[in-house]
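Asks: Quick one: the structure is below, and I'll ask about it shortly.
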Amino acid sequence: MGEAVLGPKVGRKAMVWGAILGTLPDLDVLIPLDGPVEDFVYHRGFSHSLFLLALVAPVFAWLISRIHKDSRHRFREWWLLVFLVLEIGVLLDLLTIYGTQILWPFGTVPLAWPVLFIIDPLFTLPIVVGVAAAWLMSGKSSLGHRLNAAGLAIAMVYLGWAMGAREFVNHSVRQRLEAQGVRSERLISSPTPFNTLLWRFVGIDGDRYFETYASIFDGDAPLVVQPYRRNLNLLTGLESHRPVVELRSFTRGWYAVDDEAGDIVVTDLRMGSEPHYVFRFKVAEAGNPHPTPVADEQLRATIDGRQFGWVWRRIWNPDP
């Protein structure tokens with residue numbers, strides 16, 4: 001974005017500042033907080049606010065124009081660069097499943113409209129190629145700048161495809177679940193790793209949840225629906241325990257609870273797949289009659305590499 005706005009006028013400085021500014025909001029991970037759960041739920045918080053970033057954009061633009069005295073007369077263009085890099089970066093975060101507080105401080109509930117996996121080569125590679133071309137050809141010709149613009153355009157077209165694929169698959173899955181008599185109070189979807197062809201769905205119905213997968217190539221094939229228990233009763237007596245309160249709010253109810261060898265563990269159902277989840281937290285120890293609250297602890301995520309092969313097969317085959 002830095003190259004697209006100011007590359008031909010200020011050279012590589014535009015790309016460098018684009019990279020620095022694009023990284024700034026995520027530096028909130030360096031702020032020390034009171035435990036793993038707070039680190040988890042307050043990431044993508046105030047530093048990702050569309051309102052706050054809009055307010056600081058002219059300040060950063062002023063600083064940059066003072067650092068590069070030869071471009072002071074381009075203050076407004078630096079302002080546009082800063083504004084677009086910060087705001088578009090946050091809006092892209094909104095398109096992943098994690099959740100982003102873009103409305104802070106007017107709304108602190110994390111919002112998400114998941115249409116992209118956190119890493120998607122088909123979205124990223126055109127941008128990487130464009131930026132590399134612009135960097136290597138900076139000052140030599142306008143070809144690098146045009147390739148950078150082309151990379152951005154291809155990425156945006158792919159983003160439009162992802163949005164359309166999400167709506168198509170969501171509509172298909174809701175129809176197939178209804179035809180199969182599968183009930184859910186709430187249903188959420190997100191793309192599986194590195195693609196937008198296969199989507200993971202999680203449904204909640206009281207103390208139960210289910211997981212299923214749907215490909216854009218499934219047609220009317222029946223869905224394989226796997227049910228599981230949420231074990232909400234394990235949180236009895238922990239309703240006011242701070243980590244439990246924060247996890248319930250941040251996950252917006254998409255969580256399950258397990259007793260693992262006497263440890264009460266809360267799992268965020270949105271990221272990962274059964275039984276391998278990214279964010280799992282020990283919040284208590286089992287007791288009689290109620291569990292005992294303990295300091296929260298994030299458990300190590302487990303990843304089964306065989307799942308990636310399964311994802312590839314499932315894209316093309318409803319019953320791989």
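The values are calculated or read from the model by the stated rules, or taken from the named source; none is laboratory data. Since this is a predicted model, take the numbers as computed values, not measurements. All Cβ positions, glycine included, derive from the backbone under ideal geometry; neighbour counts span all protein chains shown.
Asks: Please work out which one of (1) over 20 Å from the mean Cα position of the chain (by Cα); (2) touching a residue at least 12 places away in the same chain (Cβ under 8 Å) is the condition G181 fails and give its number.
Replies: Going through the list (1) over 20 Å from the mean Cα position of the chain (by Cα); (2) touching a residue at least 12 places away in the same chain (Cβ under 8 Å), G181 breaks only (2).
Asks: Output the residues belonging to segment 30-45 that are more than 18 Å from L299 (Cα to Cα) and either surrounded by fewer than 16 Cβ atoms within 10 Å (Cβ to Cβ) or not assigned by TED's automatic domain parsing to the domain that holds I97 (or both).
Replies: L30, I31, P32
Asks: Something else now. Return the total of residues in segment 245-295 being touching a helix residue (DSSP H, G or I) at 6+ places or on another chain (Cβ under 6 Å), among the β-branched types (V, I, T) and under 30 Å from L95 (Cα atoms).
Replies: 3
Asks: Hey, could you check segment 94-124 for residues that are aromatic (F, W, Y) and part of a loop (DSSP other than H, G, I, E, B) and say which is farthest from S190 (Cα to Cα)?
Replies: Looking at residues that are aromatic (F, W, Y) and part of a loop (DSSP other than H, G, I, E, B), I get F106.
Asks: If I go through segment 112-162 residue by residue, how many of them are surrounded by 14 or more Cβ atoms within 10 Å (Cβ to Cβ), in contact with a helix residue (DSSP H, G or I) (Cβ under 7 Å, 6 or more places away or on another chain) and either over 17 Å from V10 (Cα atoms) or not aliphatic (A, V, I, L, M) (or both)?
Replies: Count: 22.
Asks: Further, regarding this structure: Where residues in segment 57-83 are buried (at least 18 other Cβ atoms within 10 Å of the Cβ) and among the aliphatic types (A, V, I, L, M), which of them is farthest from T267 (Cα to Cα)?
Replies: It comes out as I64.
Asks: What is the number of the single condition among (1) loosely packed, with under 12 Cβ neighbours inside 10 Å; (2) more than 20 Å from the chain's Cα centre (by Cα) that T302 does not meet?
Replies: (2)
Asks: Test each condition in (1) within 18 Å of the chain's Cα centre (by Cα); (2) farther than 18 Å from H43 by Cα for P275 and report the one that comes out false.
Replies: (1)
Asks: Could you grab the pairs with beta carbons closer than 6 Å, sequence gap of 6+ or different chains, first residue in segment 258-287 and closer than 19 Å to F201 by Cα, second one charged (D, E, K, R) and modelled with pLDDT of 95 or more?
Replies: T267/R280; E274/E211; F279/D268
Asks: Also: Surrounded by fewer than 12 Cβ atoms within 10 Å (Cβ to Cβ) and either modelled with pLDDT of 95 or more or over 25 Å from V41 (Cα atoms) (or both): which single residue out of D207, D220 fits that description?
Replies: Just a single option satisfies the conditions, and that option is D220.
Asks: Are any residues in segment 292-320 of a type in the set (A, V, I, L, M, F, W, C), within 17 Å of R280 (Cβ to Cβ) and free of Cβ contacts under 8 Å to residues at least 40 places away in the same chain, and if so, which ones?
Replies: Selection gives V294, L299, A301, I303.
Asks: While we're here: So, in segment 96-111, exactly how many residues are surrounded by fewer than 20 Cβ atoms within 10 Å (Cβ to Cβ), touching a Gly at 6+ places or on another chain (Cβ under 9 Å) and not aromatic (F, W, Y)?
Replies: Total satisfying the criteria: 3.
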